[in-house]
Amino acid sequence: MAIPTFDHLPDIKLIACDLDGTLLNEFHAIHDEFWPLVHALHARGITFCPASGRQYHNLLECFKPIADELIFIAENGAYVMQGGRELSSECLPTEAVRELAGVTRALLAGGAEVGTVLCGKRSAYIEWDHPAFMAEVGKYYQRLRKVDDLMGVEDEFLKVAVYAFDSSERVAAPAFMPFRDRFQVVVSGQHWLDVMSPATNKGSGIRHIQQSLGITRDQTMVFGDFLNDLEMMDEATYSFAMANAHPDLKARARFIAPPNSDNGVVRTIKAILRLD
């Protein structure tokens with residue numbers, strides 16, 4: 001598909017990009033062309049920011065060769081980090097985390113195949129030892145502990161993530177939507193649902209960075225593919241939904257980029273910033 005063109009060279013200073021379904025291809029890998037692109041961006045004074053529902057420690061591993069050069073929006077905006085320094089965080093009360101974990105326990109007891117991940121600053125925690133669940137969680141959480149009882153875990157909790165073997169929209173969302181008046185509840189993938197503090201989303205993470213660096217919406221470019229990227233689209237003049245994105249995200253974004261399977265993020269950045 002055609003990449004949008006502009007009659008001017010945008011004055012971009014910040015590029016925030018989702019990973020799964022966006023920067024990563026269909027094999028969950030980063031394209032080889034990405035690494036030299038980031039160096040070219042930094043040479044122009046442009047900050048690159050992975051913005052993901054993934055754990056901060058997982059993002060550090062994904063971008064290990066250049067981690068010190070990036071700003072990370074982790075846990076869907078609940079944790080913003082730069083150079084090992086916390087720029088912002090939004091935590092859930094411990095009693096709320098345990099209440100939310102109880103909802104998943106009830107779903108599991110009722111026959112639904114769902115598991116809970118308590119996402120803390122120090123580690124992520126699970127109690128369900130289903131092999132397929134543990135394998136899926138292992139993709140996104142570099143620091144992960146199996147515990148006997150989630151109700152006894154102590155940490156600063158950034159998010160409660162729920163994995164449904166069936167559709168998260170059909171299985172998990174109905175059970176958690178009653179909590180939307182108290183928390184941010186978002187379907188973040190085909191199988192994932194996330195619950196965070198009320199003001200937490202990737203958009204709020206971008207605002208923290210913009211304020212810290214003195215960057216405007218007109219100087220910001222973002223890329224995403226799913227519903228946890230919705231608010232991010234509002235914080236950038238140059239907002240792109242991938243061609244493979246959820247229809248609601250396409251409606252929210254200003255532009256459409258080629259799909260993740262076609263290296264859409266890298267190709268779009270190169271074309272618009274004339275880096276070919």
- Query: Tell me, which residue of the stretch 68-97 that is surrounded by fewer than 17 Cβ atoms within 10 Å (Cβ to Cβ) and charged (D, E, K, R) is nearest to GLY53 (Cα to Cα)?
  - Reply: GLU86
- Does any residue of the stretch 91-100 turn out to be modelled with pLDDT under 95 and under 30 Å from PRO178 (Cα atoms)? no
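Restricting to the stretch 137-153, name every residue that is closer than 27 Å to ALA29 by Cα and either out of contact with any Asp or Glu (no Cβ under 7 Å at 6 or more places or on another chain) or in a loop (DSSP other than H, G, I, E, B) (or both).
Step one: of the stretch 137-153, the residues closer than 27 Å to ALA29 by Cα are 137-146.
Those that are closer than 27 Å to ALA29 by Cα and either out of contact with any Asp or Glu (no Cβ under 7 Å at 6 or more places or on another chain) or in a loop (DSSP other than H, G, I, E, B) (or both): VAL137, GLY138, LYS139, TYR140, TYR141, GLN142, ARG143, LEU144, ARG145.
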- Is it true that some residue in the stretch 104-112 is surrounded by 23 or more Cβ atoms within 10 Å (Cβ to Cβ), of a type in the set (Val, Ile, Thr) and in contact with a Cys (Cβ under 9 Å, 6 or more places away or on another chain)? no
- Can you name every residue in the stretch 28-46 that is under 19 Å from THR216 (Cβ atoms) and either in a loop (DSSP other than H, G, I, E, B) or in contact with a helix residue (DSSP H, G or I) (Cβ under 7 Å, 6 or more places away or on another chain) (or both)? ARG44, GLY45, ILE46
- Pick out the one residue from GLU235, GLU169 that is charged (D, E, K, R), buried (at least 18 other Cβ atoms within 10 Å of the Cβ) and in a loop (DSSP other than H, G, I, E, B). GLU235
- Report the residue count in the stretch 60-101 for those that are free of Cβ contacts under 8 Å to residues at least 24 places away in the same chain and assigned to a helix (DSSP H, G or I). 5
- Task: Go through HIS8, HIS31 for me and flag whichever is outside the structural domain of TYR141 (by TED's automatic domain parsing) and loosely packed, with under 13 Cβ neighbours inside 10 Å.
- Result: HIS8
- Query: If you scan the stretch 74-117, which residues turn out to be aliphatic (A, V, I, L, M) and more than 28 Å from GLU235 (Cα to Cα)?
  - Reply: ALA96, VAL97, LEU100, ALA101, VAL103, ALA106, LEU107, LEU108, ALA109, ALA112, VAL114, VAL117
- If the Cβ limit is 6 Å and pairs must be 6+ apart or interchain, which residue in the stretch 165-190 that is under 19 Å from ASP229 (Cβ atoms) pairs with which residue that is charged (D, E, K, R) and in a strand (DSSP E or B)? VAL186/ASP194; SER188/ASP194
- Residue satisfying condition, being in contact (Cβ under 8 Å) with a residue 60 or more places away in the chain and under 21 Å from the mean Cα position of the chain (by Cα), within set VAL137, VAL160: VAL160
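Here is a yes/no grid of residues against (1) in contact (Cβ under 8 Å) with a residue 60 or more places away in the chain; (2) assigned to a helix (DSSP H, G or I); (3) crowded, with 21+ Cβ neighbours inside 10 Å:
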residue: SER204; (1), (2), (3): yes, yes, yes
residue: ASN244; (1), (2), (3): yes, no, no
residue: ASP248; (1), (2), (3): no, yes, no
residue: SER261; (1), (2), (3): yes, yes, no
residue: VAL266; (1), (2), (3): yes, yes, yes
residue: LYS270; (1), (2), (3): yes, yes, no
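The rows are residues; the columns are (1) over 22 Å from VAL187 (Cα atoms); (2) of a type in the set (Lys, Arg).
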| residue | (1), (2) |
| --- | --- |
| PRO4 | yes, no |
| LEU19 | no, no |
| ILE30 | yes, no |
| ARG54 | no, yes |
| LEU60 | yes, no |
| PHE63 | yes, no |
| LEU70 | yes, no |
| TYR79 | no, no |
| GLU86 | yes, no |
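The values are calculated or read from the model by the stated rules, or taken from the named source; none is laboratory data. As the structure is a computational prediction, the values presented were derived from the model and not from experiment. No Cβ is skipped: glycine too gets one built from the backbone with ideal geometry, and neighbour counts run over all protein chains shown.
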